[in-house]
Amino acid sequence: MKVVILAGGLGTRFSEESEFKPKPMIEIGGKPILWHIMKEYLYYGLNEFIICAGYKQHVIKEWFANYFLYHSDITFDYTNKKNEMIIHDQFCESWKVTIVDTGLSTMTGGRIKRIQKYIGNETFMMTYGDGVCDVNISKLLEFHQSHGKIATLTAVMLDQSKGILDIGGDNAVKAFREKKQTDGAPINAGYMILNSEIFDYIEGDFEIFEQKPLERLSKEGQLMSYMHKGFWQCMDTKREKNQLEELWISGNAPWKVWEN
């Protein structure tokens, strides 16, 4: 099964980094967050990826073009007027990666639509290139196969960040307590599984996948949610990047399922 990753975003909140690279190439622990996401899927035996690139897509292509070279022990032999490269050991993952330029201003739905020819009639995984998670991909797939609907998304609880107020009709605060996880609201965390019929729900480049396509699926009873109670974190801000960096450095990164 192929894994589609949306990686065409600008990352405008990372102006100091996104001037030179697309958001999914911003690094956590010296590796792009895109690498972290792919390692998660590889742990569950999924090694064929389609990356929907856009903004500065050449950066992603160049990174993968040099990946084997940078992760191998190599001797460069220029003696006897030769230019020979001898590979001793390589430490690359067994990935097959297709990088597609899906346009600079294309919306999320449009990016998915553009890679239809690489999917055909297959069911595929899809997620965003700016968030990591420790969801059990095998159980997610079992859930998707069990209900027979077109789409499954992974849902997580978005915690409230402030104290909870119980306000009466006279505007008096009747009670106050600190937030609990149950105070949150479920949100779309990505890590989706989509049947090929999904392409019929997307019209073109300017279709935002999270609006009409998902809304229509929901109305038709074709959208299911897999509730994930573990770790999930997107990287929308510099503060969130720093949080992920701290978890990685501490050795307690929950999404590092390939070693945990």
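Read-outs: derived from the displayed coordinates by stated rules, not from any lab. Worth saying up front: this structure is predicted, and the values here are computed from it rather than measured. Backbone-built Cβ (ideal geometry, glycine too); neighbour counts: all protein chains shown.
For the pair E19 and N252, label points projected 7 Å from Cα toward Cβ lie 3.5 nm apart. Taking amide H positions as modeled 1.01 Å from N, with prolines and chain starts lacking one, the residues under 5 Å from T123 and 5 or more places away or on another chain are S196.
Out of the DSSP beta bridges found with both residues in the chain, what percent are antiparallel (nearest 5)? All intermediate terms of the calculation are to be shown ahead of the outcome.
Details: 24 of 45 bridges.
Just about 55 percent of them are antiparallel.
Compared with the direct C-alpha span, the chain from S94 to I74 gains 5.3 nm at full extension, assuming 0.36 nm per residue. Across the options M126, G148, M1, the greatest Cα extent toward the positive end of the charge dipole of the chain (unit charges at beta carbon of Lys, Arg, Asp, Glu) belongs to G148. Of the GluC sites (Glu not before Pro) found in the stretch 15-116, those in coil by DSSP whose Cβ has at most 13 other Cβ atoms within 10 Å are E19, E93. Using R₀ = 45 Å, calculate the FRET efficiency as 1/(1 + (r/R₀)^6) where r is the Cβ-Cβ separation of E48 and A185; round to 0.05. About 0.85, to the nearest 0.05.
Compute, for the chain, the length of the dipole vector about the Cα centre, with Cβ point charges of +1 (Lys, Arg) and -1 (Asp, Glu) only. Units Debye, rounded to 20. Show your work: numbers first, answer last.
Details: 30 positive and 35 negative charges, 44 e Å.
The calculation lands at about 220 debye.
Cβ-to-Cβ counts within 10 Å put M192, M38 in ascending order as M38, M192, the fewest first. With a threshold of 25 Å on the Cα-Cα distance, the over-threshold entries among K117/K229; K149/K241; K56/K96; K113/K149; K2/K23; K139/K256 are K117/K229; K149/K241. Amide H to amide H, with H built 1.01 Å from N, Y226 comes under 5 Å of L153, T154, A155, counting only residues 5 or more places away or on other chains. Segment E142..K229, full-extension length gain: 29.6 nm, with 0.36 nm per residue of separation and the alpha-carbon distance subtracted.
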